[in-house]
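Please read the structure below before turning to the comments.
The values are calculated or read from the model by the stated rules, or taken from the named source; none is laboratory data. These numbers come from a predicted model, not from an experiment. Here the Cβ is made from the backbone with ideal geometry for all residues, glycine too, and neighbour counts use every protein chain on show.
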Ligand SMILES: Cc1ncc(COP(=O)(O)O)c(C=O)c1O
């Protein structure tokens, strides 16, 4: 037996849950994305998606993607740096930069490769990266790849952040990186305080808008816009895999910083560019988001309804202020069991266990789309309330 086989033969954590019949991952969807999908021959209400604007099944976006396939083909066969740049990429970058309020923007093939590539190279030896300890895994990987000194503070604890900043040299380059909306907990970063500390301690700030775009700010411009602090934020990151109904990501900043990233970022230069269809889909989604602010209103209407109903039913939902509603369980086995019972009753939700959360904070993540109806949300709440009561998670 080889070394790796020897090492991994005893990794049986997933099999344990498979044997119990509660393994929740990799379920195949056999229908179009929407508020109801077909999964393994079972029709379920979808409350596990990140498609906040509800645009993944929108015909205009599907048509734009099809047209790009016909015009440009199925792939770009190279990186943006060399043969992989399309006029479509450039148009999307221009419109996104304007949308988020920065000079320029660069599109990548995934949001993950934006964070893992950009954070790793904008700061280096002698510099500091300071992260919230609930930041997304792609931010964590970006900081791990950097030669800068890595520090982190307790989730949204501004006193802890300040205590760290106080100890750092004033002249050193210090980059604070935060999720605008925390992807599992649904709460916002305290951007006003972070910007105050940025000025007091001479830092730079990067905000991950993965879950803020299409949800917060004017016409869905994100959390930086919502707080009126776009000009104070040095780097804005976003992804197309959520409100933009596609796949890909971007970084937006001032022209000088973008010029450096464009010519030095390894995940940008040494990875093939985003496909024509995915790029056209993101561009069309941006147009629809700008044209239809009523979508965001609809999203907030169902979000407020769901928040009220979960509270009325006695769920513990933490400090969420977004369409991401964490339903705390505080027990890994019960989290899997709740997910399974909900699925059997027709509701798809995501179990969240370590490392996506702290071991004592396991939860199921319920997320809304602009296209959910109140009737669907009510059905979801009632099914989940029944399941949580059966398992003794709520009274
Ligand atoms: C906060 C955050 N940042 C970055 C990413 C990565 O984005 P992508 O799915 O486009 O790779 C995600 C996706 O889960 C995310 O939630």
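Descriptive notes on the structure:
- Filter result for residue 75 (away from the ligand (no atom under 16 Å from the Cβ), over 20 Å from residue 334 (Cα atoms), at pLDDT below 95 and surrounded by 13 or more Cβ atoms within 10 Å (Cβ to Cβ)): no
- Candidates 363, 391, filtered to the one that is touching a residue at least 40 places away in the same chain (Cβ under 8 Å), farther than 30 Å from residue 294 by Cβ and touching a strand residue (DSSP E or B) at 6+ places or on another chain (Cβ under 6 Å): 363
- Taken across segment 185-204, residues that are more than 23 Å from residue 243 (Cβ to Cβ), over 20 Å from the mean Cα position of the chain (by Cα), part of a loop (DSSP other than H, G, I, E, B) and free of Cβ contacts under 8 Å to residues at least 60 places away in the same chain do occur, with at least one present.
- Selection status of residue 268, in a helix (DSSP H, G or I), away from the ligand (no atom under 16 Å from the Cβ) and more than 27 Å from residue 322 (Cβ to Cβ): no
- A count restricted to segment 234-260 and to residues that are assigned to a helix (DSSP H, G or I) and either in contact with a strand residue (DSSP E or B) (Cβ under 6 Å, 6 or more places away or on another chain) or within 16 Å of the ligand (Cβ to nearest atom) (or both) stands at 2.
- Test: residue in segment 42-53 that is in a helix (DSSP H, G or I), touching a helix residue (DSSP H, G or I) at 6+ places or on another chain (Cβ under 6 Å) and surrounded by 17 or more Cβ atoms within 10 Å (Cβ to Cβ): no
- Scoring residue 295 on the criteria (1) within 16 Å of the ligand (Cβ to nearest atom); (2) closer than 28 Å to residue 326 by Cβ; (3) crowded, with 19+ Cβ neighbours inside 10 Å leaves a single failure, condition (1).
- Checklist (1) more than 16 Å from the ligand (Cβ to nearest atom); (2) surrounded by fewer than 18 Cβ atoms within 10 Å (Cβ to Cβ) applied to residue 225, failing item: (2)
- Any chance residue 340 is closer than 24 Å to residue 52 by Cα, modelled with pLDDT of 95 or more and part of a helix (DSSP H, G or I): yes
- Subset of segment 176-192 [over 26 Å from residue 360 (Cβ atoms) and away from the ligand (no atom under 16 Å from the Cβ)]: 192
- Residue check for residue 219: more than 20 Å from residue 112 (Cβ to Cβ) and either within 16 Å of the ligand (Cβ to nearest atom) or buried (at least 24 other Cβ atoms within 10 Å of the Cβ) (or both): no
- For residue 264, the criteria (1) closer than 29 Å to residue 33 by Cα; (2) touching a residue at least 40 places away in the same chain (Cβ under 8 Å); (3) surrounded by fewer than 19 Cβ atoms within 10 Å (Cβ to Cβ); (4) in contact with a helix residue (DSSP H, G or I) (Cβ under 6 Å, 6 or more places away or on another chain) hold in every case but one, which is (1).
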